[in-house]
Amino acid sequence: AQTVTQSQPEMSVQEAETVTLSCTYDTSESDYYLFWYKQPPSRQMILVIRQEAYKQQNATENRFSVNFQKAAKSFSLKISDSQLGDAAMYFCAYLMEYGNKLVFGAGTILRVKS
Amino acid sequence: GAGVSQSPRYKVAKRGQDVALRCDPISGHVSLFWYQQALGQGPEFLTYFQNEAQLDKSGLPSDRFFAERPEGSVSTLKIQRTQQEDSAVYLCASSFHLGEVGSLNTEAFFGQGTRLTVV
């Protein structure tokens, strides 16, 4: 069974600085998707960024980028120029090819200091 | 509305009571998912529908949990004889489809969830 591990229960960053959230996963599959979701206090999960495992190029969405290391099964999220609105719980998630269930990590609380 | 809508947002149930949680997916979305999120944890998969067919219910924790989507749109998650361990946020998500290699339609859109507290 696939597992996703987020080893940082909580992270803090100063406004305008850069922070990196860690995620590792375990799978025997070669094709799959990886995601980072943001969950603010409203509880609605919002997709931040997506990576297809067959793509070597790291995904980027504005201030958000990932460092995808397939051999190491590592998928970290870098947030540049952090903003107060980035404060939330962040979840790393895995989806196998043709799969129908997202497997989530336990989450990392991100606090942004002004 | 444009997003996934869940109701009620909050539900308090006495232990042993039956509850029904509703999910209105985005119009036209084929796939619908239910997840259970315990306090301080990541969501865990409960069940998956493709249109009205329940294709995967491997995550349902017991036979007290039942989900349906009779017309391939609105879905209801029912929990019978609620127990304290059922207290959690129940999230619903929908997508046009999920899991196709190379497809742009793999994004799952989540609702705001129903927070169930069993007392």
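The values are calculated or read from the model by the stated rules, or taken from the named source; none is laboratory data. What you see is a predicted model, and the numbers here were worked out from it, not measured in a lab. As a convention, Cβ positions derive from the backbone with ideal geometry for all residues, glycine included, and neighbour counts pool all protein chains shown. Surface accessibility is based on the protein's heavy atoms, side chains included, excluding ligands, DNA and RNA. Shrake-Rupley method; radii C 1.70, N 1.55, O 1.52, S 1.80 Å.
What the phi angles of segment A:57-63 give under the Karplus curve with 6.51, -1.76 and 1.60, with θ = phi - 60°, is a coupling list of 6, 6, 6, 9, 9, 6, 7 Hz, glycine and proline written as x.
Basic side chains Lys and Arg get +1 at the Cβ, acidic Asp and Glu get -1 at the Cβ, and with that the dipole of chain A about its Cα centre reaches some 120 debye.
Per residue, segment A:3-113 exposes 46 Å² of solvent-accessible protein surface, assessed with a 1.4 angstrom probe and all protein chains in place. Mind checking which of B:Gly40, B:Gly59, B:Gly28 has the largest fluctuation in a GNM of chain B, springs on alpha carbons under 10 Å? Greatest mean-square fluctuation among the candidates belongs to B:Gly40. List the residues of segment B:35-59 whose accessible area drops by at least 10 Å² when all protein chains are present, compared with their chain alone, using a 1.4 Å probe and counting only protein heavy atoms. Going by heavy-atom accessible area, the residues of segment B:35-59 that drop by at least 10 Å² are B:Tyr35, B:Gln37, B:Gly40, B:Gln41, B:Gly42, B:Pro43, B:Phe45, B:Tyr48, B:Asp56, B:Ser58. Entry note, chain A: relative contact order of 37 percent, from Cα contacts under 8 Å with a spacing of 6+ residues. If R0 is 25 Å, the Cβ-Cβ spacing of A:Asn62 and B:Ser7 corresponds to a FRET efficiency of close to 0.15. When all protein chains stay in place and ligands, DNA and RNA are ignored, the 1.4 Å accessible-area order of B:Glu107, A:Glu17, largest first, is A:Glu17, B:Glu107.
Each Cα pair under 8 Å and six or more residues apart adds its sequence gap; the mean of these over the residue count of segment B:5-118 is a relative contact order of 34 percent. At a probe radius of 1.4 angstrom, the accessible area of segment B:1-105 per residue rounds to 50 square angstrom. Report, for chain B, the % of DSSP beta bridges that are antiparallel, rounded to 5. Bridges in chain B are about 90 percent antiparallel. Pairs of Cα atoms in chain A fall into 5 Å distance bins, from 0 up to the last occupied one, in shares of 2, 12, 24, 25, 19, 10, 5, 1, 0 percent. In whole percent, and with a 1.4 Å probe on the protein chains, what portion of the accessible area of the protein assembly as shown is carbon and sulfur? Taking all protein chains in place, the protein assembly as shown shows 46 percent carbon and sulfur surface.
Close amide-amide hydrogen proximity is noted between A:Lys101 and A:Met96, each under 5 Å apart and 5 or more residues distant or on a separate chain (H modeled in the peptide plane; Pro and chain starts excluded). Chain B contacts chain A over a buried accessible area of about 2200 Å², both sides summed; the probe is 1.4 Å and only protein chains count. What distance in nm separates the two pseudo spin-label positions at B:Ser27 and A:Thr20, each 7 Å out from Cα along the beta-carbon direction? According to this spin-label approximation, the distance is 4.6 nm. In the protein assembly as shown, the inverse of the mean reciprocal separation of distinct Cα atoms equals 18.2 Å; this is its Kirkwood hydrodynamic radius. Remark: the A:Lys55-A:Tyr98 segment gains 13.8 nm on full extension, using 0.36 nm per residue and subtracting the alpha carbon distance. Taking segment A:71-101 and a reference point 7 angstrom along Cα→Cβ of A:Ile109, the backbone N atoms nearer than 19 Å belong to A:83-92.
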